[in-house]
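Coordinate-derived values only; no laboratory data. Just so we're clear, the structure is a prediction, and the values are computed from it rather than from any experiment. Heads up, the Cβs are rebuilt from the backbone with ideal geometry, glycines too, and the neighbour counts pull from every protein chain shown.
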């Protein structure tokens with residue numbers, strides 16, 4: 001499995017990479033297949049079936065809406081988030097859907113959007129799309145949204161594919177142990193290993209430019225999140241806190257030296273994380289990092305470094321993201337970044353490890369210290385359940401990103417004060433995450449049938 005940094009960091013929309021971004025991509029791919037097979041004009045009706053976790057929390061996560069706009073030909077990396085609500089409302093009002101933006105077909109929400117409380121074999125996040133013609137089914141396919149916006153169809157799932165193409169890399173590694181050996185053998189930093197691997201897809205200049213665009217999108221998300229007032233959608237009446245917190249910090253920090261004030265710096269980290277995840281919960285444009293549910297951690301920690309570290313530069317942005325991607329690659333290859341598969345340890349835990357690694361890299365850490373920081377960040381999120389209240393990516397998800405951002409910074413600090421030697425390896429921590437996720441009851445894995453989701457309704 002060859003994973004690019006741009007596979008892990010993708011621009012999309014909230015509130016969920018597996019429940020919103022992935023299903024929208026799958027629906028877009030479905031209508032693209034219809035066009036490629038010259039079947040689009042023969043379609044008379046489209047049926048959507050959501051299974052497992054997509055069924056259990058799909059409405060709260062916007063899966064139904066994402067699929068509909070995907071069927072209209074929209075892509076998560078290009079769609080205007082403000083387009084979604086009125087477009088869906090018009091489909092519901094008129095009972096008609098413009099397939100691929102070209103062919104109008106009837107779409108009756110209660111009949112054609114089916115949420116089925118059963119799971120399909122390959123992954124908890126499953127959906128089946130069926131195009132009916134005048135004489136029966138003309139085309140159908142099943143898709144699995146496997147976390148972080150990655151999507152595979154039925155054929156690839158049966159073949160054991162992981163949603164990415166296999167290409168030859170300059171430095172193949174499937175474990176942190178192999179990655180560290182490559183660094184020692186070639187006298188490379190982890191970011192340099194990753195940059196050389198990215199040459200399998202594009203030039204170094206193109207990779208740097210793409211990562212700076214990712215950083216621009218992260219910064220724009222923070223800016224928009226700080227500026228948006230009001231209550232988040234979904235019925236929990238969760239009020240956006242980032243704007244008020246931003247005003248308080250601006251007032252408090254006037255005339256103070258932020259660089260020398262550690263507590264002030266951590267307040268700003270909290271702000272960055274809250275801004276991103278409130279924007280995600282509101283359906284805004286975010287960067288999967290490596291998922292939407294954990295989208296605030298890497299931007300918050302990178303903002304922390306760029307704002308509070310003198311002489312920080314765009315080169316640091318590139319090195320940070322490349323190093324973070326190396327850790328995300330290992331988590332995805334050897335465990336999962338899907339909350340529906342292993343719980344929130346796979347989302348927030350992986351993001352915390354990635355952010356800790358990236359920060360350690362740009363703070364001058366050795367590859368061994370980077371690996372140590374990632375292990376600390378992941379180890380102290382092991383067992384974390386995914387139990388969103390009301391099936392919404394709000395409680396506890398928003399605050400959880402702020403907490404993990406602070407944890408990532410502390411993990412980097414601990415690693416930088418050591419020599420890289422430690423008792424539990426990153427590989428062991430990742431395997432533990434995988435095994436813990438396998439043992440975790442399904443009600444604690446993004447179904448909202450256990451944990452805080454149930455405690456809230458009982459209160």
Protection proxy (average C-beta count within 10 Å per residue), highest first, orders 166-173, 274-281 as 274-281, 166-173
Rounded to the nearest 10, the angle in degrees between the Cα long axis of helix 81-94 and the longest principal axis of the Cα atoms of the chain comes to 20 degrees
Fewest-first ordering of 331, 221, 183, 386 by Cβ atoms within 10 Å yields 183, 221, 331, 386
Taking Cα atoms, the helix 367-379 axis meets the longest principal axis of the chain at an angle in degrees (rounded to 10) of 60 degrees
Mean projected area, convex hull of alpha-carbon positions in region 84-155, reported to one decimal in nm², is 6.4 nm²
FRET efficiency (residue 202, residue 428; Cβ distance; R0 30 Å; to 0.05) is 0.35
Packing-ranked peptide list from 321-329, 245-253, 211-219, highest mean Cβ count within 10 angstrom first, is 321-329, 211-219, 245-253
Heads up, region 16-158 by the C-alpha gyration tensor (a ≥ b ≥ c square roots of eigenvalues; a/c under 1.5 rounded, else a/b over b/c prolate, else oblate) looks rounded
When 122, 19, 108 are ranked with the fewest other C-beta atoms within 10 Å first, the list becomes 108, 122, 19
Rounded to two decimals, the Debye log10 I(q)/I(0) of region 314-367 (Cα scatterers, no solvent) at q = 0.21, 0.30 Å⁻¹ is -0.69, -1.06
Dividing the alpha-carbon radius of gyration of region 20-87 by 2.2 N^0.38 Å, where N counts its residues, gives 1.12
In units of 2.2 N^0.38 Å, the Cα radius of gyration of region 176-454 is 0.97
Quick calc: nm separation of the 7 Å Cα→Cβ label points for residue 90 and residue 158 -> 3.9 nm
Residue-normalised 222 nm signal for the chain, counting each DSSP H run of n ≥ 4 as -39,500 (n - 2.57), nearest 500 deg cm²/dmol, is -16000 deg cm²/dmol
Going fewest to most other Cβ atoms within 10 Å around each Cβ, 385, 20, 223 line up as 223, 385, 20
The helix 22-36 Cα axis meets the longest alpha-carbon principal axis of the chain at an angle in degrees, between 0 and 90 and rounded to 10, of 50 degrees
Mean projected area, convex hull of alpha-carbon positions in region 194-345, reported to one decimal in nm², is 10.6 nm²
